[in-house]
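The values are calculated or read from the model by the stated rules, or taken from the named source; none is laboratory data. Note that the coordinates shown come from a computational prediction; the quantities given were computed from them, not determined experimentally. Note that we place each Cβ from the backbone using ideal geometry, even for glycine, and neighbour counts take in every protein chain shown.
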Amino acid sequence: MKNTVLLPVFYLPPISWFSVFLDENYEITLEQYENFPKQTYRNRANIYGANGKLSLIIPIHHNGNRAMKDIEISDAENWRALHWKSIKNAYQSSPYFEYYEDQLKSIFENEEKSLLKFNLNALNCILKILKSEKAYHLNSEYSENPEAVDFRKEFSAKSPKEYGFDEYYQTFSDKLGFLEDLSILDLICNKGPEVATYINNNKTDITK
């Protein structure tokens, strides 16, 4: 019998998140009713820029809504174009960026106002790139103590864990060294069709 795991909905999630999401031993439920916590991967993703780790942050409206499903994206800044430009600058010389460029670019052509829906659309684009048919569903209510294995607080953008993932070639690693657990985009652009194998070989018990 598979364990049910409750995961937060992230923006272009880190590799550690995917190591849980793609695990064939887990049935995945995604959290949409939690109060939106600030400074997390729910609206930010880390990539490897020319000067090191670069955080891409989706601006949100501070309109009093707190549930993740009700959070709206702010389009006061042209953040979609800025994020795509940063990703292109970071990865255009990586081995597989050109191969996946059109699919990745489509993520930022989506004008969805809901952060939850935008993130889910991006997730579905990533799953197509990975040729994964992994199923998931959204929860129907908030539970402080869910029956599922609760991973909602396991991935910290402010205090990231060291997972000991295998090092792989990164565009700027010759100059700045290996950066662990960046957005799945980093792995896609540098490992291409080997992403699923890499994740399968780097499963980890992140609750330790």
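Which residue, of 36, 21, is closer than 14 Å to residue 120 by Cβ, in contact (Cβ under 8 Å) with a residue 24 or more places away in the chain and surrounded by 14 or more Cβ atoms within 10 Å (Cβ to Cβ)? Write out each step before concluding.
Details: 36 fails: closer than 14 Å to residue 120 by Cβ.
Just one listed residue meets the conditions, 21.
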Being at negative phi, within 18 Å of the chain's Cα centre (by Cα) and surrounded by fewer than 12 Cβ atoms within 10 Å (Cβ to Cβ) narrows it down to one of 167, 180, 162, so name that one. 162
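To keep it simple, each residue is scored yes or no on (1) at pLDDT below 95; (2) under 16 Å from residue 8 (Cβ atoms).
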{"residue": "94", "(1), (2)": "no, no"}
{"residue": "108", "(1), (2)": "no, no"}
{"residue": "116", "(1), (2)": "no, yes"}
{"residue": "122", "(1), (2)": "no, yes"}
{"residue": "147", "(1), (2)": "yes, no"}
{"residue": "161", "(1), (2)": "yes, yes"}
{"residue": "183", "(1), (2)": "no, yes"}
{"residue": "188", "(1), (2)": "no, no"}
{"residue": "193", "(1), (2)": "no, no"}
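Could you say which residue among 74, 94 is surrounded by 13 or more Cβ atoms within 10 Å (Cβ to Cβ), of a type in the set (Ser, Thr, Tyr) and closer than 25 Å to residue 128 by Cβ? Don't jump to the end; show me each part of the working.
Values: 74 fails: closer than 25 Å to residue 128 by Cβ.
None of the other options fit; the residue is 94.
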Of the residues in the stretch 138-158, those that are surrounded by 10 or more Cβ atoms within 10 Å (Cβ to Cβ) and touching a residue at least 40 places away in the same chain (Cβ under 8 Å) number 13
Does at least one position in the stretch 105-125 carry a residue that is touching a strand residue (DSSP E or B) at 6+ places or on another chain (Cβ under 8 Å), loosely packed, with under 13 Cβ neighbours inside 10 Å, under 20 Å from residue 61 (Cβ atoms) and of a type outside the set (Phe, Trp, Tyr)? yes
